Amino acid sequence: MTIDLPTIWAGIISLGVFLYLLLDGFDLGIGLLFPFFNREGEREVMLNTVAPVWDGNETWLVLGGACLYGAFPVAYSTLLPAVYLPVIAMLCGLIFRGVAFEIRARARRTQNLWDLAFIMGSGTATFCQGMILGTLLQGIKIVDGRFAGDAFGWLSPFSVFCGLGLLVTYATLGCGWLVMKTDGDLQRRMRMLLKPSSLLLLAIIGLISLWTVLGQPAVAQRWFGGHNFVYFAPVPLLVLACVVGIFRWADSSHDARAFILMEAIIFLGYSGLLISIFPNIVPPTLSIWAASAPRSSQIFELFGVAIMLPIILFYSALSYWVFRGKVRHGDEGYH
Amino acid sequence: MLETSDVLVLARLQFAFTISAHIIFPAISIGLANYLAVLEGLWLATGKLVYRELYFFWSQIFAVGFGMGVVSGVVMSYEFGANWAGFSRIAGSVNGPLLTYEVLTAFFLESGFLGIMLFGWKRVGARLHFLATILVALGTLFSAFWILASNSWMQTPQGFQIVDGRVVPLDWLKIVFNPSFPFRLVHMSLAAFIVAATIVAGCAAWHLLKGRRGEGITKSFSMAVGMILVTAPIQMIAGDAHGLNTLEHQPAKIAAIEGLWETEKGSTSLNLVGWPDMRQERTKYALSVPHLGSLILTHTWSGEIRGLKEFAPEDRPDSTIVFWSFRIMVGMGLLMLLLGVIGLVLRLRNKLYDTRWFQRFALMMGPSGLIALLAGWITTEVGRQPWVVYGVLRTADAASPLSSQQVGTSLLIIIIVYFLVFGSGVYYMLKLMAKGPEAGDQAADERGDVGTGSQRFGNRPMSHATDPIDE
């Protein structure tokens, strides 16, 4: 495999989406856990753990969209119409969630309403993202560089299952994050969720893999054909190892380990997804080369990314460092 | 065929609605961010507390507007692909990279320094804080730079080649610095400053009318009215130059703006008012002044301007809309100029803070900057029709292969969500303005912590203010 511009761009966008899953996952997960935690001050603490970083996390979604648009306009212009209504619903969910995040702290009379907006917004955005991923995995019908499928092609048992799966995934991440960032009673109750939720996550990853293999011979061929099987065999084993690790440390004082292992599971699952798709960008027919923008566009854009991406990564890491440590109720807060 | 045109109309309505709702907030952000930089600079230079008080007050309103601009902007970046797949496929090679540059250079600069700007008073020194404010203000301008480069390229495209029906960029310098870009950048930046000035003047006028005479209120009234006096005439000159540029590159747009159907020989008159009728191909009830068209549009006594009939009917923009949107913009500009001049006269007579009818006028003019801005954008965008990339790609060929049910449903959802969410946001901003700069400062004085960080202001942009918003 030679390294050419489209491959580099596929790598950059994969990295962007991965960082989005890694960072916004736990932060949407907090919205999903919200309905079950409402003792005195708990919700404030949960929000405060992500208050300084959530909008930075979401910026990766904007960057991913812009890069896809600029580097692979054909993928952008076929994928989005194919998942039209889920995309619109996801954006509305993110709007509600983002605004609720900020206004909730200043509202008294209408606080319940903003809580509801936060929960529903997080849930809608997550479920729709899962459905979009599921639809992409299943493949989108493209004729002559245009989307040619059904208006409701995104609605299938598989895509709905992926939506539900992502809800569990993000909630699990949120749980791991909160075990790391809180203490006391809230942490104790979050800790109780660690084991069952990671088992559920394992089951979902297993089911989605099985479903993909059985439903799509082309993907099965990719996974098991030739030498690939040897390279990819460690992936499920590593996932299992991570779950074992979560069980091992769930009740220990190493508060960060469960969360880190969960993020590792996300990385492994995401690599499985990439293997299923690459070198296509919109399965089953559109490859990264066919979807590419002209060379002059990809080069021009690459300049910007090469200079700015390291700076952005540095800034993001810095912001996590500045706000490290436990968040407690009544802290001179972020709100 | 009916189906296709329905989808097109719905998609255009949706774009018009989402972009109009969006542009309000970045315009406020650009204007206020720069106002805040000026305030902080003045505070550092003079040491007068009133500037810091005003900085705190307006930074709360800025923070809300900024947040609203971010969330409404995310929608825009995905709408290009969802509703305008044809546009993305054919011209995404130009617009995509420009948007990516906006995210990389502006969004991250803003989010990087917004935190320090809003909450960093205790954590960093005064100079570094000032630097953060300047960088955020620069970030808003960078953002305008890239998005206007993208929009201007769609108006006056160059530096590319069409290969296999798709745009292939050849020269990025030519693409970014296309003929209409410098004019649009100047016109829009000034417009954003004017938006902030009219809002600040309107807010101060409201408090003056309530009988409040605190230094923060009189100072901001004086600054804003002065700013309008300076910027309104400059904006007119910039707008005039922009118009000459449009006449050169998009003559059909100018003809539509003026409701001009025939190419008048010898000289061109100007329709002051009238009702352009696209079907009858004439401007009804026109009240026109001879030679004025030539004078304004070509800066000569007898310049000729090509009428709409010289363009094929399918290449004409809707004259009824742009004729009036343009006149609303110009009308607002003239009223602003009047406001500035009366302000000057009253100031010279020492009556600036004691003339109630002038304060009522300034209050009514509060939204005039935004109205002019929206009317101006409607003029330039509707005037570009029926093209999405002028002369290259028709809007009808830019839409996505969607059903009208899909686009109609999303339009409905978006309208409801926007009214709920951005309605709350605007309500919140107005509530903050109604409190006025004095209130926050007095409370802080009592606690002895004037202008300190997180205790007073919280640590997040939109939860930056102190009081509940729903009581």
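Nothing in this text is a laboratory measurement; each read-out follows from the coordinates by a stated rule. Because the structure is a prediction, the values reported are computed rather than measured. Here Cβ is always computed from backbone atoms with ideal geometry, including for glycine, and neighbour counts include all displayed protein chains.
So here's what we get for this one:
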{"item": "Normalised contact order of region A:9-322, rounded percent, pairs of Cα under 8 Å and 6 or more residues apart", "result": "23 percent"}
{"item": "Helix A:184-215 vs. chain A, principal-axis angle (Cα, 0 to 90°, nearest 10)", "result": "20 degrees"}
{"item": "Helix-derived mean residue ellipticity, 222 nm - over chain A, DSSP H n ≥ 4, -39500 (n - 2.57), to 500", "result": "-26000 deg cm²/dmol"}
{"item": "Whole-number D in µm²/s for region A:9-322 (Stokes-Einstein; Kirkwood sum over Cα pairs; 20 °C, 1.002 mPa s)", "result": "105 µm²/s"}
{"item": "Average beta carbon contacts from partner chains per residue of A:57-68, 10 Å cutoff", "result": "6"}
{"item": "Using distinct alpha-carbon pairs, which all enter the 1/r mean, Kirkwood radius of chain B in Å", "result": "23.8 Å"}
{"item": "Region A:95-250 - convex hull of the alpha-carbon atoms, volume per residue in Å³", "result": "159 Å³"}
{"item": "Local electrostatic count at residue A:170 - Lys and Arg +1, Asp and Glu -1, tallied over other residues with Cβ under 14 Å", "result": "-3"}
{"item": "Relative counts (whole %) of C-alpha pair distances in the protein assembly as shown, using bins that are 20 Å wide", "result": "15, 46, 32, 7, 0"}
{"item": "Proximal lysines relative to residue B:253, as straight alpha-carbon distance under 25 Å, when same-chain residues fewer than 8 apart are discounted", "result": "B:174, B:265, B:284, B:309"}
{"item": "Spatially proximal aspartates and glutamates relative to residue A:326 (Cα-Cα < 14 Å; intrachain offsets below 8 disregarded)", "result": "A:42, A:44, A:183, A:185, A:255"}
{"item": "Calculated from backbone phi, Karplus (6.51, -1.76, 1.60) coupling profile of region A:306-319 in Hz, x at Gly/Pro", "result": "4, 7, 7, 4, x, 5, 5, 4, 4, 4, 5, 4, 4, 5"}
{"item": "Under 5 Å, built H, 5+ apart or other chain: amide partners of residue B:286", "result": "B:275"}
{"item": "Theoretical ellipticity at 222 nm over chain B - DSSP helices of four or more residues, -39500 (n - 2.57) apiece, nearest 500", "result": "-24000 deg cm²/dmol"}
{"item": "Cα-centred dipole magnitude for region A:9-322, charges only on beta-carbon of K, R (+1) and D, E (-1), debye, nearest 20", "result": "260 debye"}
{"item": "Helix B:108-119 vs. chain B, principal-axis angle (Cα, 0 to 90°, nearest 10)", "result": "30 degrees"}
{"item": "Rounded to the nearest 20 debye, dipole of the protein assembly as shown from Cβ charges on Lys, Arg, Asp, Glu", "result": "1160 debye"}
{"item": "Helix B:368-382 axis, angle to chain B major axis (alpha carbon atoms, nearest 10°)", "result": "20 degrees"}
{"item": "Which listed pairs, of B:48/B:431; B:219/B:351; A:181/B:431; B:210/B:431, have C-alpha distances above 24 Å, in listed order", "result": "B:48/B:431; A:181/B:431"}
{"item": "FRET efficiency, residue A:221 to residue A:248 (Cβ-Cβ, R0 45 Å, nearest 0.05)", "result": "0.80"}
